[in-house]
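Presented below is the structure to which this report refers.
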Amino acid sequence: MNKVSEAVKRLNKILPLKANQQNLGKEMRQLHRDILYSYIDIGRSLSRAEIAQRVEDTEQTITTLQKNDLVVFDERGEPTGAYPFTMEKREHKLNVNGHVVHSMCALDSLAVSAMYDVELEIQSVCRVSQLPVVIKQKGLDVLNKNDIQDVYFAISWNAASVSCCCADSLCTEMIFIKGEVAANDWLNEDADNRQIFMLDEAIEFAAGFFVPLLQ
């Protein structure tokens, strides 16, 4: 098993989104996909009211989606995120299909173009230096390779927590780092639990994990 396949398998053990989705009934699986498409189609999540129009039992639906970590809700039952997207203004901003949306983490941002086969621009920052990171992508291809040859994707695997959802734990430690020296320094701080990927590897990783959610 290669590096990317191992990473997809490892993340699926921590956050089994596809398996959780498959455990849902047909109606709720479709609702989950409708929520995922809403970010691309209308630039935001379906609201609680819009969800209520699609299901018989809104409260049970919210509870089930939340329990399976497929959709993140606030205390009022309004959706605030559905991997790979979030309604929060995190550091990873996507310009896609005429909308500006945000992703949960760096890996999530790299998944969107492959998921929906759309061209987009990711605006983010290097977590170490705070220098800007801009990635133009279509599917599995980077369109501005010359501009981002020194950009890496990094993950701290031990950030995952059983006490809160991945959106608030592991996602906060899936980041971009600019520069080989900075990336290696970050890695060597905790080499047993951290991992660095070249950008093409990271895109393959992201697609391998997220694309099945729409299939």
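Please treat every number below as a calculation from the coordinates, not as lab data. What you see is a predicted model; the values in this text were computed from it and never measured. A quick note on method: Cβ atoms are made from the backbone with ideal geometry, for glycine too, and the neighbour counts reach across all protein chains shown.
Taking 17 Å as the straight-line reach from the Cα of LYS3, the lysines in range (excluding those fewer than 8 positions away in the same chain) are LYS13. Site pair ALA19 and LEU131 shows an inter-label distance of 4.0 nm when each label is modelled 7 Å from Cα along Cα→Cβ. The H on the amide N of GLY81, modeled in the peptide plane, is under 5 Å from the matching H of VAL72, MET87, each at least 5 residues off or on a different chain. With each label modelled as a point 7 angstrom along the Cα→C-beta vector, the ASP150-GLU56 pair spans 6.0 nm. Spin-label model, ARG10/ASP200: points 7 Å from Cα along the beta carbon direction are separated by 2.1 nm. Within the range 37-77, the proportion of Cα pairs with more than 13 Å between them is 56 percent. Across the cross-link table entries LYS26/LYS138; LYS67/LYS93; LYS67/LYS136, which are compared at the Cα atoms, the separations over 32 Å belong to LYS67/LYS136.
Mind checking the range 44-101 for trypsin sites (Lys or Arg not before Pro) that DSSP puts in a loop (not H, G, I, E or B) and that have at most 12 other Cβ atoms within 10 Å? Sites meeting the loop and neighbour criteria: ARG76, LYS89.
Within the same chain, aspartates and glutamates fewer than 8 places from LYS145 are excluded, and of the rest, those with a Cα less than 12 Å from its Cα are ASP200.
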